[in-house]
Amino acid sequence: MAKVTINNERCKGCGLCVSACMKGVLELSTEETNKSGYFPVYQARPDACIGCAACAVMCPDCVIEVER
């Protein structure tokens with residue numbers, strides 16, 4: 001199983017990583033914001049992650065790291 005690390009404080013909540021994830025692992029938070037006022041991404045279904053790193057490649061702010 002892959003280990004995904006997300007820097008929530010740097011996430012702007014653009015949702016590009018959510019749309020890039022073919023397994024539906026990521027979702028944007030609807031309740032909690034980061035210090036900048038954005039709704040950051042989180043792993044809603046971490047067990048479904050296959051470690052493809054499409055989310056990390058798509059992120060314009062490089063806030064996602066995927067380790068296999």
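Answer yes if at least one residue in region 55-65 is more than 12 Å from the chain's Cα centre (by Cα) and not hydrophobic (A, V, I, L, M, F, W, C), and no otherwise.
Checking region 55-65: not a single residue is more than 12 Å from the chain's Cα centre (by Cα) and not hydrophobic (A, V, I, L, M, F, W, C).
So which pairs qualify, if the first residue must be in region 30-58 and farther than 12 Å from ASN7 by Cβ and open to solvent by less than 50 Å² (accessible area, probe 1.4 Å), the second must be assigned to a loop (DSSP other than H, G, I, E, B) and not basic (Lys, Arg), the Cβ gap must be under 6 Å, and the two must be at least 6 apart or on different chains?
Pairs that qualify, where the first residue is farther than 12 Å from ASN7 by Cβ and open to solvent by less than 50 Å² (accessible area, probe 1.4 Å) and the partner is assigned to a loop (DSSP other than H, G, I, E, B) and not basic (Lys, Arg), are ALA48/VAL25; CYS49/ALA2; CYS49/VAL25; GLY51/ALA2; CYS55/CYS21.
Out of VAL18, VAL66, report the one residue that is assigned to a strand (DSSP E or B) and out of contact with any Phe, Trp or Tyr (no Cβ under 9 Å at 6 or more places or on another chain).
Only one candidate passes the filter, namely VAL66.
Restricting to region 15-29, name every residue that is open to solvent by 80 Å² or more (accessible area, probe 1.4 Å) and not basic (Lys, Arg).
Listed by number, the residues that qualify are SER19, MET22.
Are any of the residues in region 27-38 part of a helix (DSSP H, G or I) and in contact with a strand residue (DSSP E or B) (Cβ under 8 Å, 6 or more places away or on another chain)?
No, region 27-38 has no match at all.
Kindly indicate the residue of region 12-47 that is of a type in the set (S, T, N, Q) and within 19 Å of VAL66 (Cβ to Cβ) and also farthest from the chain's Cα centre (by Cα) among those meeting that condition.
Ranking the candidates gives SER19 first.
The values are calculated or read from the model by the stated rules, or taken from the named source; none is laboratory data. In this text the structure is predicted, and so the values were computed from the model without any measurement. So basically every Cβ, Gly included, is an ideal-geometry build from the backbone, and we count neighbours across all protein chains shown. In case anyone asks, the SASA skips ligands and DNA or RNA and just uses the protein heavy atoms, side chains included. Shrake-Rupley method; radii C 1.70, N 1.55, O 1.52, S 1.80 Å.
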